[in-house]
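Step one of this worksheet: look at the structure below.
No lab work stands behind these numbers, since they all come straight from the coordinates. These figures come from a predicted structure and were not determined experimentally. In this analysis, Cβ positions are derived from the backbone assuming ideal geometry, glycine residues included, and neighbour counts consider all displayed protein chains.
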Amino acid sequence: MNALAVSSSEQKNPEAAEELLQLVTLTLGDEEYAVDILKVQEINRMKEITRVPNAPSYVEGVINLRGKVIPVVNLRAKFGLMDKEKDDKTRIMIMDIQGITMGLIVDSVSEVLRIPTSIVEPTPPMASNISSEFIKGIAKLDERLIILLDMDRLLGKSEDTELLQLN
Amino acid sequence: MSDEMDEIISEFVTEAEETLEKIDPMFVELETKGYDKDLLNEIFRGMHTLKGAAGFLGFQNVVDVAHRSESIMKRLRDGEIALTRDLMDVILKSVDTLRLLISHIKLKDGVEEDTSGLLAELDNALETAVSGQTVSQESPAIKEEQPPPPEEVFTPLTPEPISIPEPIKEERIEPPPPPRPKPQPQPQTITPTHEEPQQQVVKEKEVVQNLRVDVSRIDKVMDLAGEIVLARNRLLNLAAKLDMSYSGDANVEGLLETTGFLDRVTSDLQLAVMKMRMQPIQKVFSKFPRMVRDLSKNLGKDIDLEIFGEDTEVDKTVIENIGDPLVHIIRNSIDHGIEQPEERLAKGKPQKGRIIISAYQKGTLIVIEVTDDGKGIDIDAVKRKALSKGLITEEEAQRMSDEAAVNLIFLPGFSTKDVSTELSGRGVGMDVVKTNVAKLNGYAEVITKKDQGSTFRISLPLTLAIIQAMMVRIGAEHYAIPQTMIEETLRVKKSDIKDITGQKVLTIRGKVLPLFEMAQVLNVRTNGDVEQENKYVLVATVGDKRFCISVDELLGQEEIVIKTINGIESEECGILGATITGDGRVVLILDFAVLTRSMFASR
């Protein structure tokens, strides 16, 4: 099994004097992003993807996840970034977005982070390559800037159909 | 409301709906047969049970209506009054009202229907029927007892549980009432059951034979069975490979034997699970006698309805989705197919029109046919209309075979109410028929002969979850094409394919068919492959369209399990779903009903 399961066992956290966010960080190019750990089901290595004809360009295709067929979205394409050759760091993050299981192709997945909510700042305009509506906020951690993604906005139903209509 | 109560009520609703559904066609049968004690008994019992359960749960309005219908039924059964058309109308109306009341209970919308009008009507009907009857020995007594019900009419909301005196009194002539066999939590509420103890007992036994299971549980089993099928395919694949590399090894032999066994068991399991979802199509057919009766009466036509093969079992999804298309077709036959009685006589046909609905299994298909002996479809008129709507060109209209022309009625945009009258109306909502049937992965066609009638035929696959498909390779990609839409597969020389004004065509046995390169339709990257001298071509039919598609390789026929893909608008992509092959690969199943739209649009 090439799945590195990120279960929610990290949740046990009694010393919640301050509210903590549990995140999984990922990279696209030079930028570091993070998503809520509860949305992540598992992280897989790159595997064979079946292309879906006539699908929106950011839909890379579908994969077989233990007998279930789920769509896979290329996050670079979704953000309008240049496509990059897949390598051994490329990962498919399996996420649960509004009840729908989806795969998300990212350049790499780095770590599980626990950060206090206090270090998250609201999105400054034009802070990143990507449209600010997908961003929940920005966390400053030492020298690092981590962009918190709003997965429901990014791949949620309403937005998805909207894009399909555009195509 | 507590959960328990909710459950009891929802059970009541299900049961009531089933009862009403069951007795509805009986009324119509009764009307044609005249007096039939068994039928009347059956209806009476249904009403009675409904009344009892409703009374226990305090749905007084249901009780009021059911009780009055029941009284009428009882008198009919005992031969005290005769069945008239008016009486039947009122009873049918009460069945409709009951259905409405039940639906309100089901939706919990709290809407109170005003039933007082109907109640009075029922009482009136009974009274007229009784008074119009030659007085039998018992009837005077009954007549005197008649007045009490109206009192209740004006106090329909009395909360007290029903305890209606008259039926019991009358019942005294019959053998003493047995204790109610049905486990009713509170025995004191309802008038005791008093009819035919034996039949009642037999019925209870039958009930135990059936288990009401939540559909989602069956679907779960279905899913799991699908998984096993995939695992089996994969195992068979691996075993065959092992056999090639280690042929003769005792363990490999053992493995082959076991996988062979697994193969058979899995097929049986698949069938068994499939059967769990199958239900007799009677569930759909049962509402048609009533519909035909009402519609033909409205239109002043006389129509006999014959139903065959209502025991034919079809998948639950088919039951759910085939009702509407059939209603459309039958309505169409009554409305526009069958002529007025005078017209029929003038044509030398029997005055009574005939509609035959039948269902049967043919190979792996379920065929449902609706045949009428009406005037048939005017093919020229269909052509004219298709022409005026710009659906076909003048040239096409002239070349078109009658067979193809008739099927134009299934085109979206063909039927609109206003023009339909001018065209003697055929084709109202026929595109709805086609779309719904296509959703079930089947196809609809029509065969017609002037003044002899028309037959609408719907062919559906036996099951929707597992289909036979042709696996093909297009470029480096594999796809599955449902076998139901493939007519034949051919290998043709490249030189056989001609080009007519930019459209590739292929002549097959004298017929010129358009040919589409699947690699183009699906935008498959071909990596500049050298074009092969020989091409594989599939002749496909989707509705009225017949065409060829070319692929790079035929990989063979396979039984595949359809998996839906959540999160992709698969319909817009021309995909029915996906399947997982023996080697774990995801293969998409092409949906030509959608693909043809863009294929033919870009011509």
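Inter-part distance, segment B:235-251 to segment B:101-127, computed on C-alpha centroids, equals 70 Å. Rg/Rh for segment B:1-135 stands at 0.99; both radii use Cα atoms, and Rh follows the Kirkwood definition.
Converting phi to 3J(HN,Hα) with the Karplus coefficients 6.51, -1.76 and 1.60 and the offset θ = phi - 60°, segment B:490-501 yields 9, 10, 10, 7, 4, 6, 6, 7, 9, 10, 10, 6 Hz in sequence order, with x at every glycine or proline. The amide H of B:L462, built 1.01 Å from its N in the peptide plane, has B:I366 as neighbours under 5 Å, considering only residues 5 or more places off or on other chains. Simple point charges give the picture: +1 on the Cβ of Lys and Arg, -1 on the Cβ of Asp and Glu, and for segment B:215-276 a dipole about the Cα centre of about 280 debye.
Within straight-line reach of A:K89, meaning a Cα separation under 28 Å, sit the following lysines at least 8 residues removed in sequence or on another chain: A:K39, A:K47, A:K68, A:K78, A:K136, A:K140. Counting 0.36 nm for each residue step from B:F261 to B:R331 and taking away their Cα separation leaves a gain of 20.2 nm. Note on B:E253 and B:Q209: the model spin-label points, each 7 Å out from Cα along the C-beta direction, lie 4.8 nm apart. For segment B:466-601, the spread of Cα coordinates along the three principal axes comes to 41, 32, 24 Å, biggest extent given first. Charging the Cβ of each Asp and Glu at -1 and of each Lys and Arg at +1, and nothing else, the dipole of segment A:19-166 about its Cα centre rounds to 480 debye.
Straight Cα distances below 17 angstrom link B:K389 to the lysines B:K417, with same-chain residues fewer than 8 positions distant left out. Model label sites at B:Q351 and B:K493, defined 7 Å from Cα along the beta-carbon direction, differ in position by 6.8 nm. Here the translational diffusion coefficient of segment B:312-374 follows from Stokes-Einstein with Rh set to the Kirkwood radius across Cα pairs; for 20 °C and 1.002 mPa s it amounts to 161 µm²/s. Exposure proxy ranking for B:H328, B:H478, based on other Cβ atoms within 10 angstrom of each Cβ and starting from the fewest, stands as B:H478, B:H328.
For segment B:280-364, trypsin sites (Lys or Arg not before Pro) meeting the loop criterion (DSSP other than H, G, I, E, B) and having at most 12 other Cβ atoms within 10 Å: B:K347. In segment B:277-402, the DSSP beta bridges split such that about 65 percent are antiparallel, to the nearest 5. Diffusion coefficient (Stokes-Einstein, Kirkwood radius over C-alpha pairs, 4 °C, 1.567 mPa s) for segment A:19-166: 82 µm²/s, rounded to a whole number.
Using the alpha-carbon positions of segment A:54-133, Rg (one decimal) and Dmax (whole number) come out as 14.9, 44 Å. Each of A:I115, A:I92 was scored by other Cβ atoms within 10 Å of its Cβ. Arranged with the fewest first, they read A:I115, A:I92.
The fewest-to-most ranking of B:F12, B:F456 by surrounding Cβ atoms within 10 Å reads B:F12, B:F456. With θ taken as phi - 60° and the Karplus curve 6.51 cos²θ - 1.76 cosθ + 1.60 applied, the whole-hertz 3J(HN,Hα) list for segment A:142-147 is 6, 8, 8, 10, 10, 8 Hz, x standing for glycine and proline.
Shape annotation for segment B:215-276: C-alpha extents along the principal axes are 47, 14, 12 Å, from largest to smallest. Please work out, to two decimal places, the log10 of the ratio I(q)/I(0) at q = 0.11, 0.15, 0.21 Å⁻¹ from a Debye calculation in which every Cα of segment B:306-461 carries one identical scatterer. Relative scattering, expressed as log10 I(q)/I(0), comes to -0.44, -0.80, -1.35. Residue by residue, segment B:566-582 carries 3J(HN,Hα) couplings of 7, x, 10, 7, 5, 4, 5, 8, x, 10, 6, x, 10, 9, 10, 7, x Hz when phi is fed to the Karplus relation 6.51 cos²θ - 1.76 cosθ + 1.60 (θ = phi - 60°); x denotes Gly or Pro.
Farthest towards the positive end of the charge dipole of segment B:466-601, among the residues B:I497, B:Q468, B:I560, is the Cα of B:I497, using unit charges on the Cβ of Lys, Arg, Asp and Glu. Model label sites at B:S10 and B:D451, defined 7 Å from Cα along the beta-carbon direction, differ in position by 5.8 nm.
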